[in-house]
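The values are calculated or read from the model by the stated rules, or taken from the named source; none is laboratory data. Since the model is a prediction, treat every value here as computed from it, not as a measurement. Neighbour counts run over all protein chains shown; Cβ positions are idealised from the backbone, glycine included. These accessible areas exclude ligands, DNA and RNA; they are computed on the full protein's heavy atoms, side chains included. Shrake-Rupley method; radii C 1.70, N 1.55, O 1.52, S 1.80 Å.
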Amino acid sequence: MSSYRFVKWFAELGKDDVGLVGGKGANLGEMTRAGIAVPPGFCVTAEAYRYFVERMELQPKIRALIKQTDINDVEQLTLNTARIRDLIKATPVPPEIADEITRAYRELGDDVPVAVRSSATAEDLPEASFAGQQDTYLNIKGAAAVVEHVRRCWASLWTARATSYRESHGFDHFTVYLSAVVQKLIQASRSGVAFTANPVTGNRQEIMINASWGLGEAIVSGTVTPDEYIVNKTTWQIVDKTIAEKTTMIINDPERDLGTVKVPVAEKLGPEYVRTQCLTDEEVVALAKEFQRVEDHYRFPQDIEWAYDAGDERFYILQARPITTLAETGEGEVLVKGMAASPGVATGRVILVRTVEDIVGVKEGDVLVTVMTNPDMVPAMKKAAAIVTDEGGRTCHAAIVSRELGIPCIVGTKTATQVLKPGTEVTVDATRGVVYKGRVRQQEDAAAATAPQVPGGAVFPPHILKEIYPVTGTKIYMNLGQPEAISRYQDLPFDGIGLMRTEFIFTDHIGAHPMYLLRTGQEKLFIDRLADGIAAVAQAAFPRPVVVRFSDFRTNEFRGLQGGEEVEPVENNPMLGWRGVARYISPEYEGGFRLECRAMRKVREEYHLTNVWAMLPFVRTTWEVERVLAIMASEGLQSNRNFRVWIMAEVPSVVFLAEQFSPLVDGFSIGSNDLTQLILGADRDSGILDNMGYFDERDPAVQTAIAHLIAVAHKYGKTVSICGQGPSVYPEFTEFLVRNGIDSVSVNPDTVVHTRRLVASVEQKILLDGLRAGKSGG
């Protein structure tokens, strides 16, 4: 291979070259020299970037723009850093650099597709971490395109986020440089990540391998749940294997010849591949042995990205880095496994709750273990460090409430109440769905602890941070139940509250059945406390809208309130029983519903919080909507420009008769949990059906219904939102919604930021596709 001034081949680099090519480039060189199968490539060194800035006399211009920038003025920071990036992109790459990049690229092959990745480094502190702050480009072809994308990587050193990070951490902007890694992009038909020590249990005698179809981006981004294999390093036997339902894969975009695209596995490979394991058992063992070679070289457990190239039919290591957290206990005896329903890790004493009477025994920091939670357990759930249940899926009561409370939760373990003994200490890892014995603390590895560290955390104050997130045409709303929770989440970048559940106010602040309070002359207590709970959220969110859903307790849940047993019937199937609008228009509850209306009117008129809107749950027929709207109007709540009335689209009849419902209301909010349940006949609380893949918002029948509702509602100029769990769980489902014109997506607080970024990327892609289609048509 030729000798260059500004380019270094991987084989010329090692672990000590971080200052020249950044950590990513140095690591690829180290593995290449160790004989590990790495896709070939080269680095455009940090020296090239420095030379470019000096040779083209950019430093004075950049310095002038930085000097006139107030780092705390988001608008000014965003504007001036964009000007710097535009300046770099408009400046020609010096021929001496461009020629070397061109020659090196041609040595890789003729028009071979490559990835161009940023690898930043600091002159005085090459170990400093700038991970995730600069750009990566995939499926780039042609020498000119590679040169252009190297320049784009250089420009990405000057994003608002990266610039503010350097400023706040004391880095001199002009001693931070950027190397660009140019690497042959393999045609990955299978890919994944691996850990040479079990990250769940900390067992260093086990290797965990995750695998899925297509590019590894699907696993890293969380788009797909991968297959998982556990291999024993001593016997080289597969000791555990979980084959996931892999509905989506990411591939190189065949139409644009640039970038990547998500496609359904069933369409690309065939329906049978959705539940087929990606690797044969022989391949799993062979890969495990190769991964052990990587660990042996670095003498420390590694986190590895790998892929299988369908072109030359071999496996490659794409990246390796030390595992920075391992369980201190080593073996970490696994007690039970289940579905991770609310992420997080917590340690505490097991307390079994078999009946409502047992909740008095729950103390702060306990791990609450039960068959399944119910609304009566919410006060105890608030005290718990974590929750583990025998039954349930990701939309069950335990899952929804735990996400609301922000505590770890694992559901559907089947045996937790039998296996977990009261009083024993356990650690709940609800990121991976595992409960194991004892206190398993997370500690930094010795190697990582000795390396220089750069402080992390938010770069901007929260009120500024939310302003720099991407602006989207699709509104990003947030789901909320507990009024107190708004103080934790008010600085998130949400456009409003798309679903405020009032049930938490009923149980935590009122505690009694509305009809019981009405009969005992305590209606003012109900109105005041419900109004105060709604107002707390509306005040914090103002002027953003807060869509308040009227009560949607089932009869069994209403019976748990004081006086509830006196007025509530016992139903065999409360999920499909007396609930929602059917309850509001019944003589047995109309008085209670009128109290709810008066509380909402008080918030709007007395507290002047006119950002409060109304939502009617579990609508079944048009005639009941007409009747409930008449009741609301008689209580002073009538739809107008400043007050919107939405209905939940949970029952398929709302979809079938969208033409008839649309003239009656201002908008629809798709309750994807119940809509999926009722279209597919799959109990949303059934862990068995959930694990088998039946309860899935991505099912064609559900998506057909949603697309139809959006189209009809828009025909009448009505809004369509969605507030179920689907968009929080499946990125490809969110993309489907955006492409079909959903007006807003309301998600759990922990996914607001991710969803906003996802929606922004989808919207940009739609615009680009439209522009390209227009050019080709012209």
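Among what's in the stretch 205-235 and is out of contact with any helix residue (DSSP H, G or I) (no Cβ under 7 Å at 6 or more places or on another chain) and within 15 Å of residue 275 (Cα to Cα), pick the residue that is modelled with the lowest pLDDT. Among them, the one singled out is 225.
Out of the stretch 381-401, which residues are within 26 Å of residue 672 (Cβ to Cβ), open to solvent by 10 Å² or more (accessible area, probe 1.4 Å) and part of a loop (DSSP other than H, G, I, E, B)? 390, 391, 394, listed by residue number.
I need the helices (runs of 4 or more DSSP H) fully contained in the stretch 626-744, keeping only those with at least 2 residues that are open to solvent by less than 10 Å² (accessible area, probe 1.4 Å), without any contact (Cβ under 8 Å) to a residue 60 or more places away in the chain and more than 15 Å from residue 615 (Cα to Cα).
672-680, 700-715, 726-729, 731-739
For the stretch 419-435, state whether one or more residues are basic (Lys, Arg), under 20 Å from the mean Cα position of the chain (by Cα), buried (at least 21 other Cβ atoms within 10 Å of the Cβ) and modelled with pLDDT under 90. Among the residues of the stretch 419-435, not one is basic (Lys, Arg), under 20 Å from the mean Cα position of the chain (by Cα), buried (at least 21 other Cβ atoms within 10 Å of the Cβ) and modelled with pLDDT under 90, which makes the answer no.
Residue check: residue 22 meets all listed conditions (1) over 30 Å from residue 307 (Cβ atoms); (2) part of a helix (DSSP H, G or I) but one, namely (1).
For residue 53, the test of being surrounded by 23 or more Cβ atoms within 10 Å (Cβ to Cβ) and β-branched (Val, Ile, Thr) is failed. Pairs are defined by a Cβ separation below 8 Å, a sequence spacing of at least 6 or placement on different chains, a first member in the stretch 284-305 that is in a loop (DSSP other than H, G, I, E, B), and a second member that is hydrophobic (A, V, I, L, M, F, W, C); the pairs so defined are 300/323; 300/447; 301/195; 301/197; 301/323; 301/326. Scanning the stretch 358-380 for residues that are part of a helix (DSSP H, G or I) and within 28 Å of the chain's Cα centre (by Cα) yields a count of 5.
Within the stretch 498-525, being β-branched (Val, Ile, Thr), within 30 Å of the chain's Cα centre (by Cα) and over 14 Å from residue 485 (Cα atoms) holds for one residue alone: 507.
For first residues located in the stretch 478-495 and under 17 Å from residue 543 (Cα atoms) and at pLDDT 85 or above, partners that are in a strand (DSSP E or B) and among the hydrophobic types (A, V, I, L, M, F, W, C) and lie 6+ apart or on another chain with Cβ distances below 6 Å form the pairs 478/497; 479/499; 480/497; 480/500; 494/476; 494/478; 495/476.
Among residues of the stretch 365-386 that are basic (Lys, Arg), those with a Cβ under 6 angstrom from a residue that is not in a helix (DSSP H, G or I), sequence gap 6+ or separate chain, pair up as 383/362; 383/364.
Among the residues of the stretch 387-398, just one is touching a residue at least 60 places away in the same chain (Cβ under 8 Å) and among the hydrophobic types (A, V, I, L, M, F, W, C), namely 396. Within the stretch 54-66, residues that are at negative phi sit with their Cβ atoms under 9 Å from residues that are not in a helix (DSSP H, G or I), at 6+ positions apart or across chains, in these pairs: 55/94; 56/91; 56/92; 56/93; 56/94; 58/91.
Scanning the stretch 533-555 for residues that are assigned to a helix (DSSP H, G or I) and in contact (Cβ under 8 Å) with a residue 40 or more places away in the chain yields 533, 534, 535, 536, 537, 538, 539, 540, 541.
Hey, among the residues in the stretch 244-274 that are part of a loop (DSSP other than H, G, I, E, B) and at pLDDT 85 or above, which one's least open to solvent (accessible area, probe 1.4 Å)? Applying the filter and picking the extreme gives 270. Being part of a loop (DSSP other than H, G, I, E, B) and within 30 Å of residue 678 (Cα to Cα) narrows it down to one residue among 579, 583; which is it? From the options 579, 583, the qualifying one is 579.
There is at least one residue in the stretch 42-50 that is assigned to a helix (DSSP H, G or I), within 30 Å of residue 318 (Cα to Cα) and out of contact with any Ser or Thr (no Cβ under 9 Å at 6 or more places or on another chain). When each of 581, 567 is tested for being modelled with pLDDT of 90 or more and open to solvent by less than 70 Å² (accessible area, probe 1.4 Å), the lone residue that passes is 581. The residue that is modelled with the lowest pLDDT, among those in the stretch 304-345 that are buried (at least 17 other Cβ atoms within 10 Å of the Cβ) and among the charged types (D, E, K, R), is 331. Based on what the data block shows, is residue 7 open to solvent by less than 10 Å² (accessible area, probe 1.4 Å) and at pLDDT 90 or above? The answer is yes for residue 7.
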